[in-house]
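Everything on this sheet refers to the single structure shown next.
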Amino acid sequence: MAVSKAKKDKKPERLIASNRKAFHDYEVLERLEAGLELVGTEVKALREGKGNLADAHVTFHHNEAYLLAGHISPYSHGNRENHAPDRTRRLLLHRQEINRIMGKVKEKGLTVIPLDLHWSKNRVKVELGLCRGKKLHDKRQADKDRDWAREKGRILKSGARGG
């Protein structure tokens, strides 16, 4: 008996690039997934793992969302028709999603930050986070909490070993 496509195990989403700095500088309130409008050499470069979201952010212009400062290095086997590494890329979102996000950004003073790039069904997707900037004391408290969790783990681990 043949197994249908629907019953086959889905492949996990493969991570291309992650914006680790975003979790340090921002408090993520909401997450959503969007597509990216890319040219061919950008897709090939991302297959080589050459994406970087370190200082990337999202802006809105004429009721469309754009990813700024997202760096995709040139494709290694490309020619002079290669893409510009730091070009502005349009995000593919439904109109209702754009309007809802724009409303929250204007009303509550939030920021939209890309959290990661990943493959989903052979398409490049970007996970966006609706974020609020952390203050210095929030960052310090997060560091203390992380250090305390690490210390607790060490204590429990050494106690379990009997030493």
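None of the figures in this text is laboratory data; all of them are computed from the coordinates on show. Source: prediction; values computed, not measured. In this analysis, Cβ positions are derived from the backbone assuming ideal geometry, glycine residues included, and neighbour counts consider all displayed protein chains.
Looking only at the range 88-103, which residues have a backbone nitrogen under 16 Å from a spot 7 Å from the Cα of L32 in the C-beta direction?
Only 90-103 pass the distance filter.
Between K134 and residues 5 or more places away or on another chain, which pairs have amide H atoms under 5 Å apart, with H built 1.01 Å from N, and which residues are they?
Here the answer is Y26, E27, since their amide H atoms fall under 5 Å of that of K134.
From Cα pairs below 8 angstrom and at least 6 apart in sequence, can you work out the relative contact order of the chain, rounded to a whole percent?
Details: 253 pairs, mean separation 47.6, N = 163.
In percent, rounded to a whole number, it is 29.
Please quote Rg/Rh for the range 77-163 to two decimal places, taking the Kirkwood radius as Rh and restricting both calculations to Cα atoms. Intermediate values should be presented prior to the final figure.
Working: Rg = 21.3 Å, Rh = 17.8 Å.
Reported Rg/Rh (Cα atoms, Kirkwood Rh): 1.19.
Spin-label point model (7 Å from Cα, Cβ direction): what's the E64 to V39 distance in nm?
Between E64 and V39, the label points sit 1.5 nm apart.
What FRET efficiency comes out for R95 versus S158 if R0 is 41 angstrom and r is the Cβ-Cβ distance? Round to the nearest 0.05.
Numbers: r = 56 Å, r/R0 = 1.36.
So the FRET efficiency works out to roughly 0.15.
Could you give me the radius of gyration and the Dmax of the chain, taking only the C-alpha atoms into account and expressing both in angstrom?
19.9, 64
Taking a label point 7 Å from the Cα of H24 along the Cα→Cβ vector, which residues of the range 96-135 have an amide N closer than 17 Å to it?
The answer is 114-116, 133-135, whose backbone nitrogens lie closer than 17 Å to the label point.
Need the full-extension length gain, H71 to D145, defined as separation in residues times 0.36 nm minus the C-alpha distance. One decimal, nm. Before the final figure, lay out each step's value.
Values: separation 74, 0.36 × 74 = 26.64 nm, distance 3.21 nm.
Between H71 and D145, full extension yields an extra 23.4 nm.
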